[in-house]
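Taking it in order: structure first as structure tokens, then the write-up.
Rule-based calculations on the coordinates, nothing more; no lab input. Since this is a predicted model, take the numbers as computed values, not measurements. Cβ placement follows ideal geometry from the backbone for every residue including glycine, while neighbour counts extend to all protein chains displayed.
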Amino acid sequence: MKPKIVFVVGHENWGKSHTLRFLTNGNWRVRSVRIGAEDFYIRRMSNDDRPDSYVEFMNSVSPQNKKLIIAALCPNFERQNAKTESILKSLNSKGYQLFFWVMQHQYGTEEQVKTEEIQRLKTHGTVELFSSAAEAKQRAALLRTYIETRVVA
């Protein structure tokens, strides 16, 4: 199987890490999750939480040490310090297939991920828009289904 990264995409305070928490049955300490017959490493902290740590982590991963990853991602292409574009290009060059599960709307508000941001993501990998107004536990269940049917199938 080709190495893959599934990004849970949304802006600051959109529930990315809460969604990933419920993917591991509410346990913050769990660093991996089995989906289908595959084990995925989980990176809950996003590039909008701790940018330097995020860049360091993404630079350190390789298909040899982490073949399957689920990570939070803020599509902040315009912020210079986040280096989002260079991170995605680097992961592509390492051989990772990138999947973006975009939480299109911020839960409980009218805020949305911009069309331009979605288009930029499409230049790096496969984009799936999640537009339902669901709480974190429901989002996690839908994310699991997406990964089972579209990523590892």
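I'd like to know how the stretch 12-56 sits against the 2.2 N^0.38 Å rule of thumb: what's its Cα Rg over that expected value?
The value comes to 1.22.
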Geometric extent, Cα atoms of the stretch 55-141 - Rg, Dmax (angstrom): 13.9, 41
Placed amide H near I70: partners under 5 Å, 5+ positions off or other chain: V6, Y41, I42, R43
Dipole axis of the stretch 1-132 (+1 Lys, Arg; -1 Asp, Glu on Cβ), positive-most option in H124, A37, S60: A37
Within-9-Å neighbourhood charge of I69 [Cβ basis; K, R +1; D, E -1]: +4
For the chain: relative contact order, % (alpha-carbon pairs under 8 angstrom, 6 or more apart): 33
Kirkwood Rh, angstrom, the chain [1 / mean 1/r, Cα pairs]: 15.3
Loop-exposed GluC sites (Glu not before Pro) per DSSP, neighbour cap 15 Cβ within 10 angstrom, longest uninterrupted part of the chain: 13-77
Bridge type composition, the chain - antiparallel percent by DSSP, nearest 5: 20
